1. Amide H neighbours of G117 under 5 Å, at least 5 residues apart or on other chains, H built in the peptide plane: list them.
2. Whose amide H sits under 5 Å from the amide H of H207, counting only residues 5 or more places off or on another chain, with H placed in the peptide plane?
3. Projecting each Cα onto the charge dipole of the stretch 396-460 (Lys/Arg +1, Asp/Glu -1 at the beta carbon, about the Cα centre), which of Q430, M413, I443 comes out farthest on the positive side?
4. In what sequence do I404, I443 fall when counting other Cβ within 10 Å, fewest first?
5. Give the order of T388, T477 when sorted by the count of other beta carbons within 10 angstrom, beginning with the fewest.
6. Note down the net charge around T516, summing +1 for each Lys or Arg and -1 for each Asp or Glu among other residues with Cβ under 14 Å from its Cβ.
7. Find the relative contact order for the stretch 327-481 and round it to a whole percent, using C-alpha pairs within less than 8 Å whose residues are 6+ positions apart.
8. Can you give the charge dipole size of the stretch 78-263 about its Cα centre, rounded to the nearest 20 debye, using +1 on the beta carbon of Lys and Arg and -1 on the beta carbon of Asp and Glu?
Amino acid sequence: MPTSQDMTTEAIVGVQFSHEAPPAKPHPGYEKSHRSRRPNRGGSGGNIQAGYGYDSADTNHLNRRHWAYTDGNSADATATPAARKIIRERARYEVLKNNPIGLGIVLTLANDCIGTGPRLLMGLKNEKHNQRIQKHWTEWSQAITLADKLHVAKMSKTVDGEVVSRITVNPHLDTQVSLDWQLLECDRLEAPWGSDDLQDNYVDGVHLDRFGYPVAYDILRHHPGNHTYYSGQVNYDTFDARNIIHWFRADRPEQHRGVSEVQTGLNLFALMRRFTLATVSAAETAANISLVMTTDSPISNEEYDVEAESLMHDFWLDAVSLERNAATVLPNGWDIRQIAAQQPSTTYSMFKHELIAEISRCLTMPYNIAAANSADHNYASGRLDHQTYHHALKVERDRIGRLILNRLFSEWMHEAALVPGLLPKTVSRQVLDTVHKHGVSQIAREFRHTWNWDGFSHSDPVKEAQADALKLKSGITHRAAIYSASGLDIDTEDTIAAENSNMSVDEYRKMLTVATYFNGNAFGMMEGEELASTSLDRDATTETSTTGGAGSSRAGGGGQEPPQLRQANLIKRMKDDIAKRKAREDEI
């Protein structure tokens, strides 16, 4: 008999009562395959009661055309393969090929998000192990050009709406780990042979389990737009979900394919180019036809009948060239006028400003970054706009870390653990043990690590440094967080600074502690250390403060230790502690 715990678990993960409707005829608004599916149009047909008090739910003659294309389709039924293909091709045509502003926006977004690429920062207790793993990871990431591939992946995700990549093995890599990361265009992820692309467990090349998670992907061996592709002979491979990384932005629940992130601004890109061409055409027309001759005394009907076809008809639209800086004499009754330039030159910059601001908003990018122009911004407004943009970049970097980098890190650690002598023995044993018990995906959770990205530069470095110093003194932050925000590793930077100062890393950090928290007063720090050390042992504190034996350096007013001797003793204790720590690390 099942226990209450078993019944509770079954009720959570299972289905208590399953109801299946009898077979019915298809909905009149749909066909079998959703490639040619007609969406079920919404609307109340002008019924006033349909809104039930909501003005936005009312359909009348004023808004019927605006809401004509609304539908109740699911996310996957809305983003059909045909619709995604058209949007993707138009986005590539407009943004990547023909619009410099659109290309600049996408490039800026990728540069700001990826920068010089993420850097691995291990958080193991043994610092030597951390440096060893980081060194080999850096060599491998440079060999596969990880930063460049992330840059291309970010651009493809923005323009195409999704990017597909494959974790594979490349024996030609010049590293001990032959793991590789291969980017694929999303056109290759589709249902082969024209099969039904929308099913309960299959969405245009993506195989799903009963919970909606991908378990396998159908990848075409050739790009559909390649000259080697033949539609009559489709070759494809089905890969396990562990080997495929499918990165896209899901805007709705149960969405399994991505749509171009700039699709809401594609028509605006077209408007911008059309308005620019219209402005140039108007200016050229005004410049080419500069003068026109008119008369208030037209010829008589008799004269027209005789002269019209032979002379005057051709003369009406004839062009006359004028010499530069020359005067002319007109017949009696004739006048000459200059055409006024009526092109929209005064509204051109305003129109483009609003279009760029509206387009960049769908990418959470402020206008001054999209247009590379902060002429209309003061310092405060520019900084405020950048804060929201930087926050969006941090969110995107977190997604990249979870969806891409952690998976690559897990696979790389597994492969590196199989290479003799590449990783420390204790780390290799722990990696293989984790894989045996929990699988490869658990490696990223077992080994503490972070991804260090490029920081965002401040327009006023002095104010930023003063703010960081105040946060340090008040305990709101620490030096490692400040270095990480700037895209730097505190251990690497402290090692370089200590070597340049002919000091050990511990001595260098001790000096910074004195300068930061004690305003450069080493004696204040020594007194704080003595108080901290004496508070750990009350018996020793009582003995040194009450007895006058040899163990007391403060017994009596005349027996107080000179400041120079106290400083020398403190330095000696520091060196002894450093030597002990190094000895323990060497033993480990």
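Just so it is clear, none of the values below were taken in a lab; they were calculated from the coordinates. Source: prediction; values computed, not measured. Every residue, glycine as well, gets a Cβ built from its backbone with ideal geometry; the counts of neighbours run over all protein chains shown.
1. Placed amide hydrogens put D454 under 5 Å from G117.
2. V215, A216, Y217, D218
3. So the residue we want is Q430.
4. With the fewest neighbours first, I404, I443 line up as I404, I443.
5. Lowest count first: T388, T477.
6. +3
7. It comes to 11 percent, rounded to a whole number.
8. For this selection, approximately 600 debye.
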